[in-house]
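Visitor: Before I ask anything, let me first share the structure, which is written out below as structure tokens.
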Amino acid sequence: MAKLGANRYGKSRVRLSRITRLADRHLFNEWTVHIKLYGNFETSFTEADNSVVLPTDTMKNTVYYIARESKAVTIEQYAKELGDYFLDNNVQITKVSIEVEEKAWKRMIVDGAPEPTTFKMGGPELQIVNAVREKGGAWAITSGVEGLVILKTTKSAFTNYIKDKLTTLKPATDRIFGTRASIKWDYATDAPDYAQARSRIIAALLSEFAAHDSLSVQHTLFDMGKAALEAAPEIERIHLAMPNLHHLLADLSPFAQDNPNHIFVPIDEPHGSIEATIER
């Protein structure tokens with residue numbers, strides 16, 4: 001006999017742009033919203049009972065409705081407002097998960113001064129949040145950044161590793177270190193200053209990456225996570241995934257040229273995959 005197991009439904013990739021028009025400048029945000037609802041939906045699966053189903057098209061409309069009313073200045077605040085609305089207005093919903101991705105639009109600098117209504121893309125990375133709450137419970141907030149591409153041209157080595165009969169990799173004492181990092185952190189408190197905390201965390205991660213005398217990706221990853229924890233007492237753990245973006249030394253010997261760490265071939269597939277969680 002078949003029975004229904006764990007289930008959920010929602011709306012994904014609801015795209016939203018928002019202009020906040022201040023007296024002297026505009027603020028611009030571009031978000032993508034993902035909604036997952038959990039609750040008493042069993043009969044919708046087993047008995048074709050749509051009376052317990054909030055249409056996913058209504059969820060899409062709710063994204064825009066809450067954005068119009070919202071005073072939120074961060075994706076964390078907006079995610080909580082949106083999730084609270086679903087929980088407060090639907091008795092059949094027992095838990096909600098709201099994910100928001102924000103593109104890295106930055107104010108343009110023109111003739112050395114910030115341009116009040118013009119923006120440029122700061123990079124490929126996305127600012128992200130996943131906000132989860134059960135009805136009657138507190139919010140659990142995980143924030144982060146996806147696709148943070150960073151690279152350093154020195155202070156990176158990899159030596160003293162295992163060498164067996166299949167090892168062809170040569171030791172390196174001065175190599176390019178590039179990665180496309182995905183980083184997430186869990187807040188220990190419900191309502192910190194999310195924007196200020198995010199700024200401190202990202203600054204600490206980038207500063208540590210730049211200054212670190214790396215003996216491996218693992219070595220740098222741990223010290224980056226440790227620096228983030230020190231910079232932000234609001235968070236209790238941070239997870240970093242840092243795949244290698246390799247730059248391999250080109251062989252110029254067929255052309256009678258030397259190559260003193262000067263010319264490289266970018267190779268991002270296959271790549272090493274290194275990740276870890278650093279906790280208090």
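The values are calculated or read from the model by the stated rules, or taken from the named source; none is laboratory data. Keep in mind that this is a model prediction, so the values were computed, not measured. In this analysis, Cβ positions are derived from the backbone assuming ideal geometry, glycine residues included, and neighbour counts consider all displayed protein chains. Surface accessibility is based on the protein's heavy atoms, side chains included, excluding ligands, DNA and RNA. Shrake-Rupley method; radii C 1.70, N 1.55, O 1.52, S 1.80 Å.
Visitor: Taking the Cα atoms of segment 36-190 alone, what are Rg (to one decimal) and Dmax (as a whole number) in Å?
Guide: For segment 36-190, the Cα radius of gyration and maximum Cα-Cα distance read 22.9, 65 Å.
Visitor: Something else about it: Relative to the present Cα-Cα distance, how much length would full extension add between Val53 and Thr189 at 0.36 nm per residue of separation?
Guide: Additional length available on full extension: 45.7 nm.
Visitor: OK, next. By its C-alpha gyration tensor, with a ≥ b ≥ c as the square roots of the eigenvalues, how is segment 1-128 shaped: rounded for a/c under 1.5, else prolate for a/b larger than b/c, else oblate?
Guide: prolate
Visitor: Could you identify which residue out of Ile235, Ile98, Ile109 has the top mean-square fluctuation in a GNM of the chain using Cα springs shorter than 10 Å?
Guide: Looking only at Ile235, Ile98, Ile109, the largest GNM fluctuation is found for Ile109.
Visitor: How much accessible area per residue does segment 46-151 have, counting only protein heavy atoms and a probe of 1.4 Å, in square angstrom?
Guide: 52
Visitor: Run the accessible area of the chain with a 1.4 Å probe and give the carbon-and-sulfur part as a rounded percent.
Guide: That fraction is 53 percent.
Visitor: Kindly report the accessible area of segment 221-280 per residue (heavy atoms of protein chains, probe 1.4 Å, no ligands, DNA or RNA), in Å².
Guide: Averaged over the residues of segment 221-280, the accessible area is 61 Å².
Visitor: Could you identify which residue out of Tyr38, Tyr161, Tyr187 has the top mean-square fluctuation in a GNM of the chain using Cα springs shorter than 10 Å?
Guide: Of Tyr38, Tyr161, Tyr187, the Gaussian network model singles out Tyr161 as fluctuating most.
Visitor: Where in segment 83-97 is the amide nitrogen less than 13 Å from a point lying 7 Å along the Cα-to-Cβ axis of Glu134?
Guide: 94-96
Visitor: Given the Cα-Cα distance of Tyr85 and Ala2 and 0.36 nm per residue of separation, how much length would full extension add, in nm?
Guide: Taking Tyr85 through Ala2 to full extension adds about 26.5 nm, to one decimal.
Visitor: Going by amide H atoms built from the backbone, whose H comes under 5 Å of the H on Arg25, apart from near neighbours?
Guide: Under 5 Å from the amide H of Arg25 lies no amide H from a residue far enough along the sequence or on another chain.
Visitor: Continuing with this model, one more query. Which of the lysines could a cross-linker bridge to Lys155, judged by Cα under 25 Å and excluding same-chain residues fewer than eight apart?
Guide: Candidates past the 8-residue exclusion: Lys163, Lys170, Lys226.
Visitor: Additional query: Please identify the DSSP H helices in the chain that span no less than 18 Å along the helix axis (Cα) and have a mean Kyte-Doolittle hydropathy of 0.0 or more.
Guide: Helices passing the filter in the chain: 194-211, 217-231.
Visitor: Let me ask another. In whole angstrom, how far apart do the alpha carbon centroids of segment 111-157 and segment 232-258 sit?
Guide: 20
Visitor: Also, quick follow-up: In terms of modelled amide H atoms, which long-range or inter-chain residues lie less than 5 Å from the amide H of Phe264?
Guide: Close amide H contacts, sequence-distant or interchain: Ala250.
Visitor: Per residue of segment 104-113, what does 6.51 cos²θ - 1.76 cosθ + 1.60 with θ = phi - 60° give for ³J(HN,Hα)? Whole Hz please, x for Gly and Pro, Karplus curve as stated.
Guide: Taking θ as phi minus 60°, the curve returns 8, 6, 10, 5, 6, 9, 10, 6, x, 10 Hz for segment 104-113.
Visitor: For Lys163 and Thr94, FRET efficiency with R0 = 41 Å and r from the beta-carbon atoms, rounded to 0.05?
Guide: 0.15
Visitor: Give, in whole angstrom and from largest to smallest, the semi-axes √(5λ) of the equivalent ellipsoid of segment 133-280, with λ running over the eigenvalues of the Cα gyration tensor.
Guide: 37, 15, 13
Visitor: Also, quick follow-up: List the lysines whose Cα sits under 30 Å from the Cα of Lys71, skipping any in the same chain fewer than 8 residues away.
Guide: Hits, sequence-local ones excluded: Lys11, Lys36, Lys60, Lys80, Lys95, Lys103, Lys106, Lys120, Lys135, Lys184.
Visitor: A follow-up question, please. Restricting to DSSP loop positions (anything but H, G, I, E, B) with no more than 10 other Cβ atoms inside 10 Å of their own Cβ, which GluC sites (Glu not before Pro) remain in segment 126-216?
Guide: Passing sites in segment 126-216 do not exist.
Visitor: Among residues other than Pro116 whose Cβ falls under 12 Å from its Cβ, what is the net charge (Lys/Arg +1, Asp/Glu -1)?
Guide: Counting the neighbours of Pro116, the net charge comes to +1.
Visitor: Can you give me the long-range amide H partners of Trp139? Hydrogens built in the peptide plane at 1.01 Å from N, cutoff under 5 Å, separation of 5 or more residues or another chain.
Guide: none
Visitor: What is the local net charge at Lys155, summed over the other residues whose Cβ is closer than 14 Å to its Cβ (Lys, Arg +1; Asp, Glu -1)?
Guide: -2
Visitor: Oh, and also: Calculate the spin-label point distance for Lys155 paired with Glu236, positioning each point 7 Å from the Cα along the beta-carbon direction, and give it in nanometres.
Guide: With each label placed 7 Å out from Cα toward Cβ, I get 3.3 nm.
Visitor: What is the spread of the Cα atoms of the chain along each of their three principal axes, largest first, in whole Å?
Guide: Extents along the principal axes: 76, 64, 39 Å.
Visitor: If you wrap a convex hull around the Cα atoms of segment 1-70, how much volume per residue is inside, in Å³?
Guide: 90
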